[in-house]
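What follows is a set of notes on a single structure, which appears directly below.
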Amino acid sequence: MQTVNIKNIISQIRAKTSFKPDIGIVLGSGLSGLSQEITVTDRISYSELEGFPRSTVEGHKGEYIFGYIGKTAVVLMNGRVHYYEGYTMQQVVAPVRIMASLGANTIILTNAAGGLNESFHPGTLMCIKDQIATFVPSPLVGPNDSDLGPRFPEMSKVYDPQLISLLHRTAEQENIPLVDGVYMQITGPAYETPAESRMYASWGADAVGMSTACEAVALRHMGVKLLGLSCVTDMAINNENTTTTHEQVQKVAREASRKLITLVKGTVQQLGSI
């Protein structure tokens with residue numbers, strides 16, 4: 001089983017910066033614009049870190065960005081790796097585990113997703129209230145590292161209710177439409193067939209993607225507080241007469257990015273004032 005030596009990566013990062021983040025933010029496909037909205041103190045490319053998994057997907061730059069939103073210390077993960085790229089699930093979740101190990105006890109996960117709820121449309125922003133991770137391998141399979149968390153972590157509230165309330169408060173203040181929903185992760189890289197989309201929707205999923213849920217499992221294992229936010233970039237449900245492309249996903253995500261950035265920044269600022 002291929003893994004990442006997290007302690008070794010932490011030592012490499014600490015040799016480059018002593019910055020201690022309070023909040024981590026993972027930027028999904030087409031949502032890297034938030035990196036232009038913070039006061040940057042340090043940037044570390046994944047390529048600078050020996051043994052660190054590298055993203056091979058267009059639109060995922062591959063770097064940690066350290067800095068401030070207002071007075072709140074944050075670390076941004078600009079680009080993630082995915083299971084479909086050929087990495088083990090332990091490698092896939094290592095980057096978010098590293099953010100938590102650097103000090104981020106709250107992490108915001110964002111992604112681009114296909115809509116399964118027929119009331120959604122491209123550009124809908126969805127707060128993730130729960131998730132389905134059954135269709136991907138668990139990152140916790142194998143010997144448990146008790147330094148990270150317990151053998152059998154509790155998952156009744158993967159996403160923190162207080163953070164969800166703060167996100168909705170920000171949405172109301174900024175007059176940004178926001179819906180709640182259940183996110184499902186599949187392996188990818190193929191998009192869903194119409195029959196698969198109907199099946200996922202019948203099981204209670206409102207949006208589907210190829211990331212995030214496995215990261216959430218690994219972070220809850222560590223006791224990290226989580227907030228999840230999906231940008232619906234295409235309608236996976238009833239897609240018999242449409243074609244989904246990665247370019248389309250990125251385009252819609254970029255168009256919705258200003259609203260998403262406003263939501264994330266506003267929530268972080270509210271967290272910083274608590």
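Structure notes:
- Under 18 Å from the E37 label point (7 Å along Cα→beta-carbon), backbone N, region 62-76: 65-76
- Computed FRET value (nearest 0.05) for T134 with E255, which takes r as the C-beta separation and R₀ as 30 Å: 0.45
- Protection proxy ranking of 180-190, 145-155 - average other beta-carbon atoms within 10 Å, highest first: 180-190, 145-155
- Each peptide among 41-48, 19-26 gets the average number of other Cβ atoms lying within 10 Å of its residues, and from highest to lowest they stand as 19-26, 41-48.
- Where the Cα pairs of region 99-215 fall when distances are cut into 10 Å bins, in %: 11, 39, 34, 14, 1
- Unit Cα scatterers, Debye sum, the chain: log10 I(q)/I(0) for q = 0.14, 0.16 Å⁻¹: -0.95, -1.27
- Kirkwood Rh, Cα atoms: Rg over Rh of region 68-147: 1.00
- Scaled radius of gyration (Cα, divided by 2.2 N^0.38 Å) that region 146-274 gives: 1.18
- Restricting attention to the chain, close to 40% of DSSP beta bridges with both partner residues there are antiparallel.
- Take every pair of alpha-carbon atoms less than 8 Å apart whose residues are at least six positions apart; their mean separation over the length of region 128-274 yields a relative contact order of 33 percent.
- Neighbour-count ranking [beta-carbon atoms within 10 angstrom, fewest first] of I13, I164: I164, I13
- Stretching N105 away from T193 to a fully extended chain increases their span by 27.9 nm, per 0.36 nm per residue minus the current alpha-carbon distance.
- In region 1-140, Cα pairs under 8 Å separated by at least six residues give a relative contact order of 32 percent.
- Fewest neighbouring Cβ atoms within 10 Å first, the residues I9, I261 line up as I261, I9.
- Shown for V179, V4: other C-beta atoms within 10 Å of each C-beta, ranked fewest to most, produce the order V179, V4.
- Spin-label proximity, S119 to region 158-187 - amide N less than 13 Å from point 7 Å beyond Cα toward beta carbon: 178-182
- With the convex hull constructed from alpha-carbon coordinates only, region 23-168 shows a mean projected area of 10.3 nm² over all directions.
- Segment S47-Q269, extension gain: residue separation times 0.36 nm, minus the distance between their alpha carbons: 76.8 nm
- Membrane-span-like helices of the chain, defined as complete DSSP H segments with a Cα extent of 15 Å or more along the helix axis and a mean Kyte hydropathy of at least 0.5, are identified as 89-101.
- Relative contact order of region 27-85, taken over Cα pairs closer than 8 Å and 6 or more residues apart, is 39 percent.
- For the chain, lysine pairs with C-alpha atoms less than 14 angstrom apart, excluding pairs fewer than eight positions apart on the same chain, total 5.
- With a Förster radius of 25 Å applied to the beta-carbon distance between T56 and Q2, the computed FRET efficiency rounds to 0.95.
We did not get these values from a lab; they are worked out from the coordinates using the rules stated. It should be emphasised that the depicted structure is a prediction, and the values quoted were computed from it without experimental measurement. FYI the Cβ positions are ideal-geometry reconstructions off the backbone, even for glycines, and counts take in every protein chain you see.
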